[in-house]
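No value in this document is a laboratory result; all are computed from the given coordinates. Bear in mind the structure is a predicted one, so any value in this text is a computation, not a measurement. All Cβ positions, glycine included, derive from the backbone under ideal geometry; neighbour counts span all protein chains shown.
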Amino acid sequence: MSSKYMLLSEYSGSNKFKNRKAEVLRSFGDHPYYGIRMYIDGESLGIEWYKAHNEMYAENAAENYVSGIKNYERV
């Protein structure tokens, strides 16, 4: 996946998940992808790219992650 991307938005968790943060990203190029970088306690866990989805999908994934609905899964 592309190592060049731009930050579109950031989400932060609250209450039980206040240690979580997510950044919504967009890759550069002719066929950009959207994705999210997930954090716990300020440590980056990795980026999850969504090749066949739009920005709204990535925004929803970020919200789900910081709300505890979605968890980071190392592949």
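Bridgeable lysines around Lys70 (alpha carbons under 19 Å apart, same-chain partners fewer than 8 residues away excluded): Lys16, Lys18, Lys21, Lys51. Mean residue ellipticity at 222 nm, helices only, the chain: -5500 deg cm²/dmol; runs of at least 4 DSSP H residues each add -39,500 (n - 2.57), and the sum is divided by the number of residues. Taking label positions 7 Å along the Cα-Cβ direction at both Lys51 and Asn64, the computed distance is 1.9 nm, reported to one decimal.
Annotation note: trypsin sites (Lys or Arg not before Pro) in the chain located in DSSP loop regions with a Cβ neighbour count of at most 15 within 10 Å are Lys4, Lys18, Lys51, Arg74. Annotation for the stretch 35-59 versus the stretch 1-31: alpha-carbon center distance of 5 Å.
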